[in-house]
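Following: one structure in structure tokens, then a few remarks.
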Amino acid sequence: MEKNLVIEAQKLTKIYTSGANEVRALQSVDLHAAPGEMLAIMGASGSGKSTLMNILGCLDVPTAGSYRLDGTEVAGLDRNALADIRNRRIGFVFQGFNLLPRTSALDNVELPLLYDRSDRALDTRALAAESLERVGLGDRQHHEPNELSGGQQQRVAIARALVTQPAILLADEPTGNLDSRTTLDVMSLFQEINEQGVTVLMVTHEEDVASYCKRVIELRDGAVIRDEPVFQRRFAAFDISEWEAA
């Protein structure tokens with residue numbers, strides 16, 4: 001087994017029961033990710049990809065199997081410990097942005113830092129401003145979500161996910177509400193972040209989006225049916241300018 005894995009999941013199984021009925025959402029799934037990888041998790045509705053993402057994000061626990069996140073065994077941790085892991089080691093990006101309305105971009109990005117219970121001395125405003133600069137929105141710090149485009153709102157959400165310097169970034173259909181041109185812009189940002197060393201896991205049903213990752217993992221009926229590298233498509237500045245000029 002490779003050392004220093006960020007994600008080390010072995011034989012993850014998740015069973016939901018309803019009366020006498022039993023649904024196996026995950027069936028003995030193995031998944032490993034090294035620092036700096038960018039993975040796409042694909043599958044049809046009901047394939048188990050959302051269940052897998054919830055377990056990897058410490059939002060749910062498996063029925064069986066083990067999961068180590070950045071060297072920490074997650075199984076058996078209590079609710080408070082799981083909350084701390086989610087806050088400090090995992091960044092979440094969602095399809096619907098999940099920004100607080102009537103709240104500035106700076107305040108939205110600062111929010112995870114306000115829940116930090118580590119007693120670290122943090123300049124939360126400065127860290128939030130730096131995170132917005134990182135995603136190219138340093139000049140939009142005081143704008144509220146309704147004053148930003150969809151792509152800018154997703155950038156704020158990405159800045160919020162990065163502000164705690166997490167071990168992994170989990171993105172659930174992050175381009176689902178965006179048009180093609182804005183998808184190009186946001187995926188370019190994800191690649192830049194990944195090239196800076198952040199491990200990214202992205203749930204998507206779009207092959208085009210998955211092709212910008214380094215590996216694609218496909219689920220069917222709760223089991224992995226494909227785990228392979230993909231030929232990466234690279235974004236460059238001329239791609240966007242040519243599109244805009246067309």
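The values are calculated or read from the model by the stated rules, or taken from the named source; none is laboratory data. All values derive from a computational prediction rather than experimental measurement. Methodologically, a virtual Cβ is constructed for each residue, glycine included, from the backbone with ideal geometry; neighbour enumeration extends over all protein chains shown.
Descriptive notes on the structure:
- Residue that is farthest from the chain's Cα centre (by Cα), among those in the stretch 52-90 that are of a type in the set (Asp, Glu) and either at pLDDT 90 or above or closer than 17 Å to Ile168 by Cβ (or both): Glu73
- Only one of Asn194, Asn177 that is surrounded by fewer than 23 Cβ atoms within 10 Å (Cβ to Cβ), in contact (Cβ under 8 Å) with a residue 24 or more places away in the chain and either touching a helix residue (DSSP H, G or I) at 6+ places or on another chain (Cβ under 9 Å) or among the small types (Gly, Ala, Ser) (or both): Asn177
- The residues of the stretch 103-129 that are in contact (Cβ under 8 Å) with a residue 40 or more places away in the chain and either in a helix (DSSP H, G or I) or over 27 Å from Asp84 (Cα atoms) (or both), listed by number, are Ala105, Asn108, Val109, Glu110, Leu111, Pro112, Leu113.
- Failed item, numbered, when Phe94 is tested on (1) surrounded by fewer than 20 Cβ atoms within 10 Å (Cβ to Cβ); (2) closer than 23 Å to Leu69 by Cβ; (3) in contact (Cβ under 8 Å) with a residue 24 or more places away in the chain; (4) more than 13 Å from the chain's Cα centre (by Cα): (4)
- The number of residues in the stretch 130-186 being within 19 Å of Leu111 (Cβ to Cβ) and part of a loop (DSSP other than H, G, I, E, B) comes to 12.
- Filter result for Ala40 (in contact (Cβ under 8 Å) with a residue 60 or more places away in the chain, under 21 Å from His205 (Cβ atoms) and in a strand (DSSP E or B)): yes
- Look at (1) out of contact with any strand residue (DSSP E or B) (no Cβ under 8 Å at 6 or more places or on another chain); (2) over 14 Å from Val224 (Cα atoms) and you find that Val6 fails only one, number (1).
- If the condition is being under 20 Å from Leu169 (Cα atoms) and either in a loop (DSSP other than H, G, I, E, B) or in contact (Cβ under 8 Å) with a residue 60 or more places away in the chain (or both), then the stretch 4-28 contributes Asn4, Leu5, Val6, Ile7, Glu8.
- Within the stretch 217-241, considering residues that are among the β-branched types (Val, Ile, Thr) and either at pLDDT 95 or above or over 20 Å from the mean Cα position of the chain (by Cα) (or both), the one nearest to Ala25 (Cα to Cα): Val224
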